[in-house]
Amino acid sequence: MLADRLVANAKAALIHIRQFYALVRITARAALLAWQVSPRYTVASVCLFTAAGLLPVGQAWLIKLIVERAQAILSGEPSSTAPGLGSLLAAQTILLIARKVTGQLNLNVREILRSKINFEVQHWILAKSASNDLSQFETESYYDQLALAKRNAGETGLTVESLLLLLQNAITMMSMAAVVVRLNPWVAGLVFCLTLPQVLLQAKYTLYNWSMIQHQSPMTRKIEYYSNLLSDRASAKEIKAFGIADFLLMRRKKWQLDLFRENVGLLIKRTTCVLSFSAFKIAGVIIAWYYVLSHLGSGQITIGDVPLYITAILSLADGFESVWESTALVHESGMSIKAVFDFLDRQSRTSKDQMHEPTASRDIVQTGTLKEANHAIVLKDVWFRYPQTENEVIKGVNLVIAPGETVMLAGLNGAGKTTLVKLILGLYEPSRGRIELNGRDLRAYSEEELRRCFTAVFQDFVCYRITVAENVAFDQAGNRDEVI
């Protein structure tokens, strides 16, 4: 029993190590992405966050000097070497102004950087989706991955911002820790140990939250589909004609309430546990403060050290918590943008890659050209079935369409008429057989050539909400006026 438990713990630890390594890679990629999008704003953000992390300890130290200088003046012990009270107040004023200016600049710069990153990532997701093979749009898993990537696109900028915030909090924590260690290293250790339980609990619920997001992804996509269905002009007439609005609304509401209850339940449990464990942190701060005040008359601590150490101890405790909260935020947003990077890294596969009997590779087909005005189309023993399905939609079709000939395909719903057109358009490739255009295999021609040769109006066509001129002259930037 003990051996099994040790093995299970070792496996769990290995999984956590792998997850940590994956998170480091993701966050490093996000940081590199920020640099690629805008080096100038990235450098500015790092400098501003670093300054924001150092300013608190500088202010605390100046308060110590001001109090000690005021005490010296009251006790009649002027010093020619110590800075004057006016100089110290002027320095504190400069730091206050610097903190205010830095905070405002920080807010503006990080907002610009986050917007630029999110804009680029959203563009890349849509460009990737547009470049993917049509066969991928036939699977539910693809839509789940696409929906998750689109929903988490905004997390990329947030991840970079969280990394910068982690940098700021870490600098503040380390600077305050140096002050407390100057007092007594054991005091710093005590504050750290009593803050740790609350931090670990927050990390645990961060993992729960991400797991819940993954679990809720299919349901969220269904809710979005019903929302679009109820608000789309194309479906409005059928919804009213069939009287199904109440049915759609109630189903969407039920799913939405289920998600709401799950999220609220996790939030309540997380808040209750975190507040309970925060008592340890408060106890650590009070004990450390008592240590400072109890040594006030011993000569080890001056009157100016009291506000310095009290501020440093409280900032250290909050700093530990802030660093771990920032780390958890980086982890949470990093796990979210993993879905974005997974989608962007998704390999585009053609339909032939997913067939049990693939046709010949494009590598062995010579490139053809389409310069003639009329084109003969020949289908030779063409078979086809959609990816991840078992039934053949097209079975052994042979067809010759001569130049200038008009052909009508008739058949029942699902007989394969539209599928056959998609094959001729080159949107899919046959699982068996061959389609020829002007005596050459259809795969010999580039996608651009095929798109300029063929056109189609599908029964479920899309009405693009752009001008008539733009509809007519799609992809004709060079000679748009001539085409119109």
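The values are calculated or read from the model by the stated rules, or taken from the named source; none is laboratory data. Keep in mind that this is a model prediction, so the values were computed, not measured. Cβ placement follows ideal geometry from the backbone for every residue including glycine, while neighbour counts extend to all protein chains displayed.
Of the residues Leu23, Leu2, only one is modelled with pLDDT under 80 and closer than 27 Å to Met335 by Cα; which? Matching residue, one of Leu23, Leu2: Leu23. The set of residues from region 448-471 being under 22 Å from Lys417 (Cα atoms), of a type in the set (D, E, K, R) and part of a loop (DSSP other than H, G, I, E, B) comprises just one member, Asp460. Residue count for region 204-260 satisfying the condition of being hydrophobic (A, V, I, L, M, F, W, C) and not in a helix (DSSP H, G or I): 1. Kindly indicate whether any position in region 238-248 is modelled with pLDDT of 85 or more and touching a Phe, Trp or Tyr at 6+ places or on another chain (Cβ under 8 Å). Yes, region 238-248 has at least one match. Within region 155-182, residues that are over 18 Å from Ser38 (Cβ atoms) and in a helix (DSSP H, G or I) sit with their Cβ atoms under 9 Å from residues that are modelled with pLDDT of 90 or more and of a type in the set (Ser, Thr, Tyr), at 6+ positions apart or across chains, in these pairs: Gln168/Thr50; Ile171/Thr50.
Among the residues in region 109-130, are any among the basic types (Lys, Arg), crowded, with 19+ Cβ neighbours inside 10 Å and under 28 Å from Ala51 (Cβ atoms)? The answer is yes; a qualifying residue exists.
Screening region 406-438 for residues that are more than 38 Å from the chain's Cα centre (by Cα) and polar (S, T, N, Q) and picking the one that is farthest from Lys380 (Cα to Cα) gives Asn413. Could you list, in sequence order, the residues of region 198-228 that are modelled with pLDDT of 85 or more and surrounded by 15 or more Cβ atoms within 10 Å (Cβ to Cβ)? Within region 198-228, Ile223, Tyr226 qualify. Here Glu429 passes the criteria (1) closer than 15 Å to Leu399 by Cα; (2) touching a residue at least 24 places away in the same chain (Cβ under 8 Å) except the one numbered (1). The set of residues in region 311-329 being in contact with a Lys or Arg (Cβ under 8 Å, 6 or more places away or on another chain) and either surrounded by fewer than 21 Cβ atoms within 10 Å (Cβ to Cβ) or farther than 20 Å from Val179 by Cβ (or both) consists of Glu321 alone.
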